[in-house]
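Every number here is computed from the coordinates shown, using simple stated rules; none is lab data. Keep in mind that what you see is a predicted model, and the values were worked out from it rather than measured. As a convention, Cβ positions derive from the backbone with ideal geometry for all residues, glycine included, and neighbour counts pool all protein chains shown.
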């Protein structure tokens, strides 16, 4: 997904939008940005800084700066939960743990390139289960005896699920077992950082109440989830831009990173391409 957050000089969110990501990254980044500007009721040239983050940050040609997603996630999470010490982010592509102190990233860990422990793991398996991705959480909460997934590998887990289904195993128990497997894999990874409360869970998988419960059960800690767990990285990027603008004002320097005419031209060139 492509996310945009626009904040004003006081840090108040003026617009927050989530749009698709496809092959035409530049065009889609421009489309989501245009929609966010309309939502906020501001013009592109009113923006002091545009910060790009995430895997697709190199495909945002109208951005002033690029900042790593880890830094932006930490800043965004801390703005919502000031007491956060550990953040867990599980998205479609990866899972990561962040160690945060006073709103700043101090350490992190990430999973390998395997789909296990990510949203993609669940995306692949929902078809085998005959469910929709948004149904998994509620279904798993009905479990009375969650199964132990013997292999977290997506391919072998799929075979295991098919065997359980053929045996008439209760669907909630299967789903709860998958959630538990994800939670154990991710928590074991984040333990390298020494997990401390408050723990905040972000990313698309944080919308799955079954995974939230599995994480809480495995860690023995309360897990906090933002109202919109997909937007923490974009929020952190927006707040980073605000900090740069305020710093420029304090130092008596121009607020804008680039000449507006150049920035505008780049933006509309992408829009029309």
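Fewest to most neighbouring Cβ within 10 Å: what's the order for 72, 153?
In order of increasing Cβ crowding within 10 Å: 153, 72.
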(request) Please work out how much length the chain gains when fully extended from residue 43 to residue 55, using 0.36 nm per residue of separation minus the C-alpha to C-alpha distance, in nm with one decimal. (result) 1.7 nm
(request) Could you check the simple spin-label distance between residue 31 and residue 209, using points 7 Å along Cα→Cβ, in nm with one decimal? (result) 3.3 nm
(message) What's the whole-number percent of alpha carbon pairs in region 82-224 lying beyond 23 angstrom?
(response) 30 percent
(request) Would you give the gap between the C-alpha center of region 38-110 and the C-alpha center of region 179-241, rounded to a whole Å? (result) 15 Å
(message) Shape verdict for region 23-101, please, from the Cα gyration tensor: rounded (a/c under 1.5), prolate (a/b greater than b/c) or oblate.
(response) prolate
(request) Considering only DSSP beta bridges where both residues belong to the chain, give the percentage that are antiparallel (nearest 5). (result) 70 percent
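Using only the C-alpha atoms of the chain, find the volume of their convex hull and express it per residue in Å³.
128 Å³
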(request) Grab the DSSP H runs of the chain that are 4 residues or longer, score each as -39,500 (n - 2.57), total them, divide by all residues and round the 222 nm result to the nearest 500 deg cm²/dmol. (result) -14000 deg cm²/dmol
(request) Express as a percent, rounded to the nearest 5, the fraction of DSSP beta bridges in region 82-224 (both residues included) that run antiparallel. (result) 65 percent
(request) Mind sorting 55, 224, 218 by how few other Cβ atoms lie within 10 Å of their own Cβ, fewest first? (result) 55, 218, 224
(request) Among 225, 212, 4, rank each residue by its count of other Cβ atoms within 10 Å, from fewest to most, as a rough exposure measure. (result) 225, 212, 4
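Cα-based Rg of region 48-149 per 2.2 N^0.38 Å, rounded to two decimals?
Cα Rg divided by the expected 2.2 N^0.38 Å: 1.35.
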